[in-house]
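Asker: Take this structure, written in structure tokens, and hold onto it; I'll ask about it next.
Every read-out reported here was derived from the displayed coordinates using simple, explicitly stated rules and does not represent laboratory data. As the structure is a computational prediction, the values presented were derived from the model and not from experiment. Glycine gets a Cβ as well: all are built from the backbone with ideal geometry, and neighbour counts include every protein chain shown.
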Amino acid sequence: MKRAKGKRMWEVGKSVQVDICAEEEVGFVATIGRVSIWLTKAEAQDMVATLTRALIRSAAKSDDKTDLSPLALTAALQAILRSPN
């Protein structure tokens with residue numbers, strides 16, 4: 001996490017930047033290329049969970065619509081958090 005003057009915080013990946021806005025209610029501004037989107041904390045959590053399931057399903061090349069187990073999702077999130085940018 002990067003900190004500039006004041007309370008500004010952000011995370012930077014290879015092609016994505018996320019600004020963390022924590023003034024009144026926590027929110028995030030995700031920027032990919034020239035597109036930015038404001039996300040509430042709940043929306044960001046839903047996006048991460050949905051993208052994680054999609055990445056796992058894509059990696060498994062599965063069209064199965066059954067829910068992935070919480071254990072598999074937890075392992076995937078831990079792997080993502082440990083991976084370098």
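Asker: Please give, to one decimal in nm, the separation of the simple spin-label points placed at Glu24 and Leu81, each 7 Å out from Cα toward the Cβ.
Answerer: It works out to 3.0 nm between the two label points.
Asker: Take Ala72 and Arg53, extend 7 Å from each Cα along the Cα→Cβ direction, and tell me the distance between the two endpoints in nm.
Answerer: If labels sit at Ala72 and Arg53, their model points lie 1.1 nm apart.
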